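What follows is a single structure, written as structure tokens, with notes after it.
The values are calculated or read from the model by the stated rules, or taken from the named source; none is laboratory data. All values reported here derive from a predicted model rather than from experimental measurement. All Cβ positions, even for glycine, are placed from backbone atoms using ideal geometry, and neighbour counts span all protein chains on display. Keep in mind that these areas ignore ligands, DNA and RNA; they rest on the heavy atoms of the full protein, side chains included. Shrake-Rupley method; radii C 1.70, N 1.55, O 1.52, S 1.80 Å.
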Amino acid sequence: PTDAFYNKLVSAITEDEALIGMNWYQEALIGRVQAMAAKDLEDRDNLTFTKKQLDYVEQNFKNPAVVEYLVDQIVTAYVKDSGVDHLAEVAPVYSAKVTDPAKKAKFDELCAKWARIAVGQPSPSFKYLDINGKEVSLADLAGKYVYIDTWATWCGPCRQSMPELEKLVKDTDRDFEILTIMAPGLQGEKTEEEFVKWFDQQDYKSVPVLYNQDGSAFADYQVRSIPTEVFIDSRGKIGHVQLGAISNDDAKKIIKELQ
């Protein structure tokens, strides 16, 4: 975009406390902040982008109500997507700008959920049936390294990654187990029986596929998008959470570094 675009964006979307309750104004306001923060930003990792947004808000907005809304939205979005491992880097701004008790209580609740799956915390326990009706639980895998891949039948990249997981099983010398947990709901296959029939036609034999039709695993591990990868060490503790697809080389490196 040209400078004229950014200038127009700033002049058209101004801070106005009287409009802060309108959804369209909220979306426009966040859109302006994100566009201006992303301008000339080469490194778009979530933490860097979040910091740039907060810096832009502090430098360009003065109304306390508008600033509080923006900071709450920006930091909450960061935690929802990335957890609390680096929360200390943005928490001071949140504490300084957000005073509404309801907002703070909701944010604290979100952080508490993420804290339960922070690195070093015991993994949530689970017990699910695989597509062959066999019960698989985390307790049964005690002492092993566990790599959980979340996927769905409607996710093309997820299906494409399955052969890579098969290769990873054969190409890693540590005592570990790969599990894939399926998101609730099927696409294309109207029933679980149809899905099993489709799955039997694929060359995926080494990686158990677990049903999670109530979505509890996705809630426990704060999965907001797929694929999300969870690595659990031999002590049953969270070793790494990866948002988005991961290469086998990176997965092997993570597994090697687990305790």
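Within the range 157-170, one or more residues are closer than 17 Å to Val207 by Cβ, touching a helix residue (DSSP H, G or I) at 6+ places or on another chain (Cβ under 7 Å) and open to solvent by less than 20 Å² (accessible area, probe 1.4 Å). Checking the range 35-43 against the condition returns a match, with at least one residue being within 21 Å of the chain's Cα centre (by Cα) and free of Cβ contacts under 8 Å to residues at least 40 places away in the same chain. In this structure, does Asp140 turn out to be part of a strand (DSSP E or B) and among the charged types (D, E, K, R)? So Asp140 does not fit the description; no.
Looking at Lys113, Lys106, just one residue is among the charged types (D, E, K, R), touching a residue at least 40 places away in the same chain (Cβ under 8 Å) and open to solvent by 60 Å² or more (accessible area, probe 1.4 Å), and that residue is Lys113. Let me spell it out: the conditions are (1) hydrophobic (A, V, I, L, M, F, W, C); (2) over 28 Å from Ala219 (Cα atoms); (3) at pLDDT 95 or above; (4) in contact with a Ser or Thr (Cβ under 9 Å, 6 or more places away or on another chain), and Phe107 meets all of them except one. Which number is the exception? Unmet for Phe107, out of (1) hydrophobic (A, V, I, L, M, F, W, C); (2) over 28 Å from Ala219 (Cα atoms); (3) at pLDDT 95 or above; (4) in contact with a Ser or Thr (Cβ under 9 Å, 6 or more places away or on another chain): (2). For the range 78-103, a residue qualifies if it is surrounded by fewer than 16 Cβ atoms within 10 Å (Cβ to Cβ), assigned to a helix (DSSP H, G or I) and in contact (Cβ under 8 Å) with a residue 24 or more places away in the chain, and the qualifying residues are Lys80, Asp81, Glu89. The set of residues in the range 79-104 that are under 15 Å from the mean Cα position of the chain (by Cα), more than 14 Å from Gln222 (Cα to Cα) and not hydrophobic (A, V, I, L, M, F, W, C) contains only His86.
Just checking, which of Glu27, Glu68, Glu15 is open to solvent by less than 70 Å² (accessible area, probe 1.4 Å), in a helix (DSSP H, G or I) and among the acidic types (Asp, Glu)? Residue meeting the stated conditions: Glu68. Would a scan of the range 209-219 turn up a residue that is in a loop (DSSP other than H, G, I, E, B), polar (S, T, N, Q) and open to solvent by 30 Å² or more (accessible area, probe 1.4 Å)? So far as the range 209-219 goes, yes, one or more of its residues are in a loop (DSSP other than H, G, I, E, B), polar (S, T, N, Q) and open to solvent by 30 Å² or more (accessible area, probe 1.4 Å). Scanning the range 160-184 for residues that are part of a helix (DSSP H, G or I) and in contact (Cβ under 8 Å) with a residue 24 or more places away in the chain yields Ser161, Met162, Pro163, Glu164, Leu165, Glu166, Lys167, Leu168, Val169, Lys170.
In the range 196-216, the residues that are farther than 19 Å from Lys170 by Cβ reach residues that are at pLDDT below 75 with C-beta atoms within less than 6 angstrom, at least six apart or across chains, in these pairs: Trp198/Glu189; Gln213/Pro184; Gly215/Pro184.
For Leu47, the requirement of being in contact with a Phe, Trp or Tyr (Cβ under 9 Å, 6 or more places away or on another chain), assigned to a helix (DSSP H, G or I), closer than 27 Å to Ser225 by Cβ and at pLDDT 95 or above is not met.
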